[in-house]
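As structure tokens, the structure follows; a few thoughts come after it.
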Amino acid sequence: MCEYYVVAVDAARARFFRLENADVPEFESGPNLVEDGALTNPESEMAGRDVFTDSKTGMARPGGARAPVSYDDHRAQHLVEFDRRFARKIGRESLKRAKRSGARCVVLASTPEMLGHLRPVLEDITRSGIELREFARDVSKLPALEVQQRLAAQELIPPRKGPRAYKTR
């Protein structure tokens with residue numbers, strides 16, 4: 001059982017971490033942030049030509065002496081919808097993983113834009129009695145140790161401590 005569960009998200013992927021205590025705290029540093037899995041957003045990895053009919057937006061050139069015609073194909077709304085779908089997937093997976101690990105607190109670290117999409121879908125976590133903490137920074141590409149250091153600096157999770165046997169008195 002781990003007390004803290006961390007979800008680090010950007011528009012392309014979500015990484016899940018458990019904060020686990022050291023097995024032998026007298027000789028090992030701890031607690032340690034351990035990666036528990038990841039989700040990728042396949043729609044964010046597709047090229048524009050795979051998602052939309054035209055590779056460019058904005059102006060149509062009808063040809064001849066006629067003036068170009070501008071149009072809006074609502075690409076921005078489509079991209080926002082892709083992020084919303086991914087956020088729903090992250091919400092379901094976060095709740096499932098946090099419950100499975102017995103976490104009492106979920107720490108969500110995400111870009112501010114993605115955080116806006118995640119807030120409504122993560123209400124199930126707070127309804128289930130798990131505390132939810134937010135960190136509006138993208139740490140999804142960082143190594144686990146650096147993620148832990150940044151979250152601990154903000155007092156969102158406990159800091160990593162050295163082995164007890166080596167402490168001086």
**Study point:** Per-region count, the range 88-119, residues open to solvent by less than 10 Å² (accessible area, probe 1.4 Å) and either in a helix (DSSP H, G or I) or touching a Pro at 6+ places or on another chain (Cβ under 7 Å) (or both)
**Key:** 7
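Which residues, counting only those in the range 135-155, are of a type outside the set (Asp, Glu) and touching a helix residue (DSSP H, G or I) at 6+ places or on another chain (Cβ under 9 Å)? Full working, then the answer.
Quick first cut of the range 135-155, residues of a type outside the set (Asp, Glu) only: 135-137, 139-145, 147-154.
Of everything in the range 135-155, those that are of a type outside the set (Asp, Glu) and touching a helix residue (DSSP H, G or I) at 6+ places or on another chain (Cβ under 9 Å) turn out to be Phe135, Ala136, Arg137, Val139, Ser140, Leu142.
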Exercise for review: May I ask you to say which residue of Leu151, Leu122 is surrounded by 11 or more Cβ atoms within 10 Å (Cβ to Cβ), within 26 Å of Ala87 (Cβ to Cβ) and at pLDDT 95 or above?
Suggested key: Leu151
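This table checks each residue for (1) closer than 19 Å to Leu156 by Cα; (2) small (Gly, Ala, Ser); (3) over 13 Å from the mean Cα position of the chain (by Cα).
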site: Glu93; (1), (2), (3): no, no, no
site: Lys96; (1), (2), (3): no, no, yes
site: Arg104; (1), (2), (3): yes, no, yes
site: His117; (1), (2), (3): no, no, no
site: Leu122; (1), (2), (3): yes, no, no
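Within 24 Å of Pro159 (Cα to Cα), of a type in the set (A, V, I, L, M, F, W, C), at pLDDT 90 or above and open to solvent by 70 Å² or more (accessible area, probe 1.4 Å): does that describe Leu145? Explain how you work it out, then say what you get.
Details: within 24 Å of Pro159 (Cα to Cα): yes; of a type in the set (A, V, I, L, M, F, W, C): yes; at pLDDT 90 or above: yes; open to solvent by 70 Å² or more (accessible area, probe 1.4 Å): yes.
For Leu145, the condition - within 24 Å of Pro159 (Cα to Cα), of a type in the set (A, V, I, L, M, F, W, C), at pLDDT 90 or above and open to solvent by 70 Å² or more (accessible area, probe 1.4 Å) - is met.
The values are calculated or read from the model by the stated rules, or taken from the named source; none is laboratory data. Remember, it's a predicted structure, so these values are computed and weren't measured experimentally. Because the Cβ atoms are built from the backbone with ideal geometry, glycine has one as well, and the counts that use them run over all protein chains shown. Protein only, heavy atoms only, side chains kept; ligands, DNA and RNA dropped before computing areas. Shrake-Rupley method; radii C 1.70, N 1.55, O 1.52, S 1.80 Å.
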